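Values quoted throughout were computed directly from the atomic coordinates according to the rules given, and no laboratory measurement underlies them. On a predicted model such as this, the values are computed, not experimentally measured, just so you know. Please note: Cβ atoms are built from the backbone with ideal geometry, for glycine as well, and neighbour counts cover all protein chains shown.
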Amino acid sequence: MRFCDDLDRHGFSWIVGEPMTRTSHALATGEGVWLIDPVDWPEAIDRASSLGTLAGVIQLLDRHNRDAAHLAEQLGVPHLRVPQSLPETPFEVIEIKRWQEIALWWPELQVLVAADALGTNRVFTIGDDRIGVHPFLKLTPPRRLRAYEPQHVLVGHGEGVHGPEATIALHRALSRSRLSAVTASSSGPGAGEIAACVDSSSVAGRERR
């Protein structure tokens, strides 16, 4: 594993060196540090603890079990599984249609966090796009995300996108989603690679590693 998406005192991410490129996040707020869709890595947990008191574990997607429950129990903090709201936090919850998923918007820092709706590895993206929509959502993309202009887009699979390019890449992904579905069907990764790289119920067990 390695660190990525350094947000200085506000948090960071870590990524697993595997085809799925599972990415986890730690966001430090005034209320404490939140672990988001975490895979257990002691170095990352120690680094998150150095940013402040651990407040809880947020699971953005019902099938992103990963090590969320285990870490919450180990650390003695709440495990919030696909919450519909997050009162007393700076996060706005955005519902993603089609399955049980939410995204988070942190307006103060203009951070958008997605689980599977958006991604940056080659299963999600087409050509030189920095961000792509989940293959199963390309025909019905989460267009409500167009309302946001993030400076940071963090995803559940792949490294994030930062700076002015983040909003451009997000809006491009959403506007090109249906076109990219056609392109992906002819030249993108095959079904086998999608199954290997993207979380689904068939790999739920692996997600707990």
Legend entry - Chain lengthening between Asp6 and Glu31 when straightened (0.36 nm per residue, less Cα-Cα): 7.0 nm
Legend entry - Net lengthening on full extension, Glu165/Val93 (0.36 nm per residue, minus Cα-Cα): 23.6 nm
Inset, instruction - Mind jotting down a quarter of the surface of the convex hull over the alpha carbons of the chain, in square nanometres, one decimal? - result: 10.3 nm²
Legend entry - Translational D in µm²/s for region 105-144 (Stokes-Einstein at 20 °C, 1.002 mPa s, Kirkwood Rh from C-alpha pairs): 195 µm²/s
Legend entry - Beta bridges by DSSP in region 2-199, antiparallel share as percent, to the nearest 5: 75 percent
Inset, instruction - State, to one decimal in nm², a quarter of the convex hull surface area for the C-alpha atoms of region 1-105, i.e. the direction-averaged projected area. - result: 6.4 nm²
Legend entry - Simple spin-label estimate for Gln110 and Ser85 in nanometres, 7 Å along Cα-Cβ: 2.8 nm
Legend entry - Inter-label distance for Arg146 and Gln100, nm, one decimal - labels placed 7 Å from Cα along Cα-to-Cβ: 3.0 nm
